[in-house]
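The structure appears right after this line, and notes come after that.
The values are calculated or read from the model by the stated rules, or taken from the named source; none is laboratory data. Just so you know, these numbers come straight off a predicted model, no measurement behind them. All Cβ positions, even for glycine, are placed from backbone atoms using ideal geometry, and neighbour counts span all protein chains on display.
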Amino acid sequence: MHAPKLRIKSPDVLIAESGADRAGHGLRRTMGLFQLVCFGVGAIVGTGIFVGLSDTVAEAGPATVLTFVLAAVTCVLTAFSFAELGGAIPVSGSSYSYAYATLGEGAAFITGWCLLLEYGVSVSAVAVGWGQYLNELLHSVFGWQLPAALSNPPGEGGVVNVPAVVVIALAASLLVRGVRESARATAAMAVLKIGVLALFCAIAFAAFEGGNLTPFAAHGLAGVTSGASVAFFSYIGFDAITTAGEEVKNPRRTVPLAIMVCIGVVTLLYCLVALAAIGALSADEVAGKPAALSLIVNHVTGSTVGGGVIAFGAIVAIASVVLTVTYGQTRILMSMSRDGLIPGVFQRISPKTATPVAGTWIVAAVFAVPAAVVPLKVVLDLTTIGTLSAMVIVNVSVIVLRRSRPGLARPFRAPLFPLPPLLGIACCGYLIYGTGTATWLQFGVFLLVGAVLYVAYGRRHSRLRSAHTGAAGTEAEGGAKAVKAAEAAGADGTTGPAGERAPVATHGG
C-alpha cells in the first residue's frame, strides 16, 4: 500500500492565483522599495526596544548588547531563507504559503496557526506597552496620567488597558482606507521613530560611563540565553515584508532587498540604543522599569522635557507596529481563506478600497481582548515561541524547495547554502529553549488546538480536498488555466522569469 502524498500547492499555482485574483478586483501593486523598507522598520521597531529593553536588561545585565547581536544573527540566517522564498514565491501568505508549497497543507495550516502568535497576539503585546508611554507623555506635558485601573492589564495594577484597545482601533481604521494611505503613514512614522532613537543615543552617550558595563555578563550564560529570547521579540516583524508580496512593485527584486536592508538598519540601531542606555544608567537601575528610555533621558537631562520627546516617539513607534503587524495578519488570513482552510469572510476584498475590510475589523476586535486584559510578559513569551517555530519551518521550506524545484526562478539565493538555513534552525531552537518550560507547555496546548481545528474544519473545507475524491485532474486543469492567466499579466512583475515549470500541483491524501 502506497503512503499518501502530501497536499502540496506548487509555487506556480500560488503565484498564478494571486495574479488572477488581482486581475479582477483584488490587491493593487502600489509599494516601492523605500515604502517597503519603511514598512519593515515600522513592523519591527516598537515595543521590543521602547518597552522590552528593560526586561532584556533584567535577564542579561550589560550583556544585553550581546543578546541583541545573538538575536540578530538568528534573524539574519532566517532572513536569507525569507529573502529567497519571498523572491521565488511573491505572494501574500509569507511562511504559510512557503510551507504549502513545500511541506504540504497540514504543515501550512499549523504554520498559519503559529503566525497568529507572531502577528495577532503580538498586536496585543505591542499595544499593551502603548499605555506606558502615553502616560509618560501626559505626565510630561500636562502633569497628570490616566488611572492605573484603565491603563494597565490585570496583574500589573490595572483592570482593563483602554489605550491598548484604542491604538488597535486606530490602526484598523487606517488599514481599511487603503494600502497606499497606510504605506504613507507607516513611512512617516518609521522616519520619525528612527530619529527619536537617534536623539536618545545622542543624549545617553553624552553621559556614558564605562563602569556601568562591568561585570559584563553578570548573570552568566543562562542570563545571555534567556535575554536573547526576550531580545528576539524586538526583531519580530521583519518577515511582515513578505506578507506584502502581492502589493509590491517588482516583488522578486524588491522583497529580498528590503528584508536585508531592514535587518541591517535595525540591528545597528538596537545595539547603539542598548549600549547608550546601560552606559548612561546602570543595568540595575534600568532593569524592569516601565518607559525605560524616557527614564534615562530624564535622568541625564535633569528634566522631563527630553523624556516627553522620547515618549512621543515611542507612542508613534508602537502605533506603527500595531498598524503593520495587523496588516500582515490580515494578509495571511486572506491567503488561508483563499485555500478554504478558514472561513471565506477573510478573503473578501472591498472593490472600493482594495482591502480586506471585514477581515481587518475581525482581527482588530479579537486581539483587542488580550491587549486589554492580559499582562505583557505572557503575550510576549507566546509571541516569541510562535515566531521562532514559524521561522524553523521557513528554513526547512527553503531546503525542501531547493530539492523539489531546483530550476525555479530565484532572484536571490541564500549564500553558502545549506549552511544558513541549518544554522537558522539551530539558533531558533536555542532561543526556543530559552523561553522556559511554562511557555513550552502553553505553546504545546496552542498547537494541539490548531491541529484539532485543522482536522475538524480546514481539512474538510480545503480546496485541494478534490484530490481525495478523484478530482485531481480537474484541479490540475484549473491550476494550468490560472498559470496561463498569470503569465498573461506577468509584465508587471507578478511572475517575473518563469524558470522551469514542474507539474502544477501535487495532491494526495
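List the helices (runs of 4 or more DSSP H) that sit entirely inside the range 45-151 and contain at least 1 residues that are surrounded by fewer than 24 Cβ atoms within 10 Å (Cβ to Cβ) and among the hydrophobic types (A, V, I, L, M, F, W, C). Before the answer, list the steps.
Numbers: elements: 47-50, 53-60, 64-88, 95-102, 105-115, 122-128, 130-142, 148-151.
Once the helices (runs of 4 or more DSSP H) in the range 45-151 are filtered for at least 1 residues that are surrounded by fewer than 24 Cβ atoms within 10 Å (Cβ to Cβ) and among the hydrophobic types (A, V, I, L, M, F, W, C), what remains is 53-60, 64-88, 105-115, 130-142, 148-151.
Does residue 500 count as at pLDDT below 50, exposed (fewer than 15 other Cβ atoms within 10 Å of the Cβ) and under 28 Å from residue 392 (Cα atoms)?
Working: at pLDDT below 50: yes; exposed (fewer than 15 other Cβ atoms within 10 Å of the Cβ): yes; under 28 Å from residue 392 (Cα atoms): yes.
So residue 500 fits the description; yes.
Just one of (1) at pLDDT below 85; (2) touching a helix residue (DSSP H, G or I) at 6+ places or on another chain (Cβ under 6 Å); (3) part of a helix (DSSP H, G or I) trips up residue 27, so point out which.
(3)
Would you please list the contacts, defined by Cβ atoms under 8 Å and residues six or more apart or on different chains, that run from a residue in the range 59-88 that is over 30 Å from residue 247 (Cα atoms) to a residue that is among the charged types (D, E, K, R) and in a helix (DSSP H, G or I)?
67/59
Could you tell me how many of the residues in the range 370-386 are touching a Ser or Thr at 6+ places or on another chain (Cβ under 6 Å) and assigned to a loop (DSSP other than H, G, I, E, B)?
Here the count works out to 0.
Being of a type outside the set (A, V, I, L, M, F, W, C) and either surrounded by fewer than 20 Cβ atoms within 10 Å (Cβ to Cβ) or in contact with a Leu (Cβ under 6 Å, 6 or more places away or on another chain) (or both) is the filter here; which residues of the range 309-325 pass it? Break it down stepwise before answering.
As a first pass, look at the range 309-325 and keep what is of a type outside the set (A, V, I, L, M, F, W, C): 313, 320, 324.
If the condition is that a residue be of a type outside the set (A, V, I, L, M, F, W, C) and either surrounded by fewer than 20 Cβ atoms within 10 Å (Cβ to Cβ) or in contact with a Leu (Cβ under 6 Å, 6 or more places away or on another chain) (or both), then no residue fits.
Determine, yes or no, whether residue 109 is among the hydrophobic types (A, V, I, L, M, F, W, C), under 18 Å from the mean Cα position of the chain (by Cα) and at pLDDT 85 or above.
On the way: among the hydrophobic types (A, V, I, L, M, F, W, C): yes; under 18 Å from the mean Cα position of the chain (by Cα): yes; at pLDDT 85 or above: yes.
The answer is yes for residue 109.
Filter the range 415-446 for residues that are more than 23 Å from residue 112 (Cβ to Cβ) and of a type in the set (A, V, I, L, M); which is surrounded by the fewest Cβ atoms within 10 Å (Cβ to Cβ)?
Here the answer is 416.
Check residue 404 against each of (1) of a type in the set (Ser, Thr, Tyr); (2) at pLDDT below 90; (3) surrounded by fewer than 22 Cβ atoms within 10 Å (Cβ to Cβ) and name the one condition it does not meet.
With (1) of a type in the set (Ser, Thr, Tyr); (2) at pLDDT below 90; (3) surrounded by fewer than 22 Cβ atoms within 10 Å (Cβ to Cβ) applied to residue 404, the lone miss is (2).
Given the conditions (1) surrounded by 23 or more Cβ atoms within 10 Å (Cβ to Cβ); (2) modelled with pLDDT of 90 or more; (3) touching a Leu at 6+ places or on another chain (Cβ under 8 Å), and given that residue 168 satisfies all but one, which numbered condition is not satisfied?
Status for residue 168: all satisfied but (3).
Mind listing whichever residues of the range 210-237 are part of a helix (DSSP H, G or I), in contact (Cβ under 8 Å) with a residue 60 or more places away in the chain and surrounded by fewer than 24 Cβ atoms within 10 Å (Cβ to Cβ)?
210, 212, 213, 223, 224, 225, 226
Across the range 334-357, which residue is farthest from the chain's Cα centre (by Cα) among those that are within 20 Å of residue 168 (Cβ to Cβ) and without any contact (Cβ under 8 Å) to a residue 40 or more places away in the chain?
Within the range 334-357, the match that is farthest from the chain's Cα centre (by Cα) is 345.
So is residue 467 in contact with a Gly (Cβ under 9 Å, 6 or more places away or on another chain), buried (at least 20 other Cβ atoms within 10 Å of the Cβ), more than 30 Å from residue 226 (Cβ to Cβ) and modelled with pLDDT under 85 or not?
yes
Within the range 267-296, work out how many residues are under 21 Å from residue 232 (Cβ atoms), surrounded by 24 or more Cβ atoms within 10 Å (Cβ to Cβ) and β-branched (Val, Ile, Thr).
Final tally of qualifying residues: 3.
Considering 411, 421, which residue is touching a Ser or Thr at 6+ places or on another chain (Cβ under 7 Å) and either farther than 30 Å from residue 227 by Cβ or modelled with pLDDT of 90 or more (or both)? Spell out how you get there, then give the answer.
Working: 411 fails: touching a Ser or Thr at 6+ places or on another chain (Cβ under 7 Å).
Every option except 421 fails the conditions.
Quick grid of which residues meet (1) free of Cβ contacts under 8 Å to residues at least 60 places away in the same chain; (2) crowded, with 22+ Cβ neighbours inside 10 Å; (3) touching a Leu at 6+ places or on another chain (Cβ under 7 Å); (4) under 23 Å from residue 10 (Cα atoms):
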residue	(1), (2), (3), (4)
359	yes, yes, yes, no
379	no, yes, no, no
400	no, no, yes, yes
448	yes, no, no, no
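Looking at 254, 242, which one is assigned to a helix (DSSP H, G or I) and touching a strand residue (DSSP E or B) at 6+ places or on another chain (Cβ under 6 Å)?
Details: 242 fails: touching a strand residue (DSSP E or B) at 6+ places or on another chain (Cβ under 6 Å).
From the options 254, 242, the qualifying one is 254.
Can you pull out every residue in the range 403-430 that is free of Cβ contacts under 8 Å to residues at least 24 places away in the same chain and either in contact with a strand residue (DSSP E or B) (Cβ under 9 Å, 6 or more places away or on another chain) or hydrophobic (A, V, I, L, M, F, W, C) (or both)?
416, 417, 419, 426
For the structure I just gave you, tell me whether residue 250 is farther than 20 Å from residue 62 by Cα and under 28 Å from the mean Cα position of the chain (by Cα). Write out each step before concluding.
On the way: farther than 20 Å from residue 62 by Cα: yes; under 28 Å from the mean Cα position of the chain (by Cα): yes.
Criteria met by residue 250.
Just to be sure before I move on: is residue 41 farther than 30 Å from residue 215 by Cβ, assigned to a loop (DSSP other than H, G, I, E, B), of a type in the set (A, V, I, L, M, F, W, C) and under 17 Å from the mean Cα position of the chain (by Cα) in the structure I sent?
Details: farther than 30 Å from residue 215 by Cβ: yes; assigned to a loop (DSSP other than H, G, I, E, B): no; of a type in the set (A, V, I, L, M, F, W, C): yes; under 17 Å from the mean Cα position of the chain (by Cα): yes.
Spelling it out, it is not the case that residue 41 is farther than 30 Å from residue 215 by Cβ, assigned to a loop (DSSP other than H, G, I, E, B), of a type in the set (A, V, I, L, M, F, W, C) and under 17 Å from the mean Cα position of the chain (by Cα).
Tally the residues that are crowded, with 19+ Cβ neighbours inside 10 Å, at pLDDT below 90 and not β-branched (Val, Ile, Thr), restricting the search to the range 186-209.
Adding up the residues that qualify gives 4.
Could you give me the residue pairs with C-beta distances under 6 Å whose first residue belongs to the range 147-159 and is at pLDDT 85 or above, whose second residue is surrounded by 20 or more Cβ atoms within 10 Å (Cβ to Cβ) and in a loop (DSSP other than H, G, I, E, B) wherever it lies, and which are 6+ apart or on separate chains?
149/158
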